[in-house]
């Protein structure tokens, strides 16, 4: 069995208010673009891999960010959306990885994933590979949850039968879409609420 985890809200903690305030200081209200589980507009294009980061920054200036604002300042404002992975979460993920084949599946973008690999997964002296064997990212696959084609692609790349994949996501819609594709799925509440599915050694306790 392969365990597949969502990233945002399940692995990493999110702080949309902090991010909104950062963009407001740059001259843009991004609230119309932010969704609970999926972004809109130019943010969605970045997460689908349809534009690169420099294009993302140029498009945001067209929407209202001041012309003198640098790409680096825009990137930093978007990085403020994610705040880190608690040490106890990383510790449990490492134990889970010791017991099962694990992967991450996320609607994400190159800015947040670089932040994840360079800062968050390394915060306890490890690397992303110490927690997840593979990473399936929307901007690389050019597909976003809950598109059925994404679940089919991941199962194919894992080389697993759909029924041998257990998916953890904080979106009921994404869980239901996975189940419709033959996966098993469990709703994974934010703030480490999904710990209830594992014992202290990282072994599954299924409901």
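The values are calculated or read from the model by the stated rules, or taken from the named source; none is laboratory data. Just so you know, these numbers come straight off a predicted model, no measurement behind them. Ideal geometry is used to build each Cβ from the backbone, glycine not excepted, and the neighbour counts take in all protein chains shown.
Search the stretch 74-90 for residues being assigned to a loop (DSSP other than H, G, I, E, B) and in contact with a helix residue (DSSP H, G or I) (Cβ under 7 Å, 6 or more places away or on another chain), and hand back the single one that is farthest from residue 29 (Cα to Cα). Result: 85. If the condition is being in contact (Cβ under 8 Å) with a residue 12 or more places away in the chain and over 21 Å from residue 170 (Cα atoms), then the stretch 22-40 contributes 22, 23, 25, 26, 27, 28, 29, 30.
Do you know which residues across the stretch 41-60 are without any contact (Cβ under 8 Å) to a residue 24 or more places away in the chain, more than 11 Å from residue 109 (Cβ to Cβ) and in contact with a helix residue (DSSP H, G or I) (Cβ under 8 Å, 6 or more places away or on another chain)? Correct list: 41, 54, 57, 59. Within the stretch 98-115, identify whether any single residue is farther than 24 Å from residue 142 by Cβ, in contact (Cβ under 8 Å) with a residue 24 or more places away in the chain, part of a helix (DSSP H, G or I) and more than 17 Å from the chain's Cα centre (by Cα), and answer yes or no. The answer is yes, given that some residue of the stretch 98-115 is farther than 24 Å from residue 142 by Cβ, in contact (Cβ under 8 Å) with a residue 24 or more places away in the chain, part of a helix (DSSP H, G or I) and more than 17 Å from the chain's Cα centre (by Cα).
Counting only residues that are within 18 Å of the chain's Cα centre (by Cα), within 18 Å of residue 83 (Cα to Cα) and in a loop (DSSP other than H, G, I, E, B), the stretch 116-133 holds 4 of them.
Return yes or no: is residue 59 over 18 Å from the mean Cα position of the chain (by Cα) and modelled with pLDDT under 95? No, not satisfied. The set of residues in the stretch 62-95 being surrounded by 17 or more Cβ atoms within 10 Å (Cβ to Cβ) and closer than 14 Å to residue 41 by Cβ consists of 65, 78.
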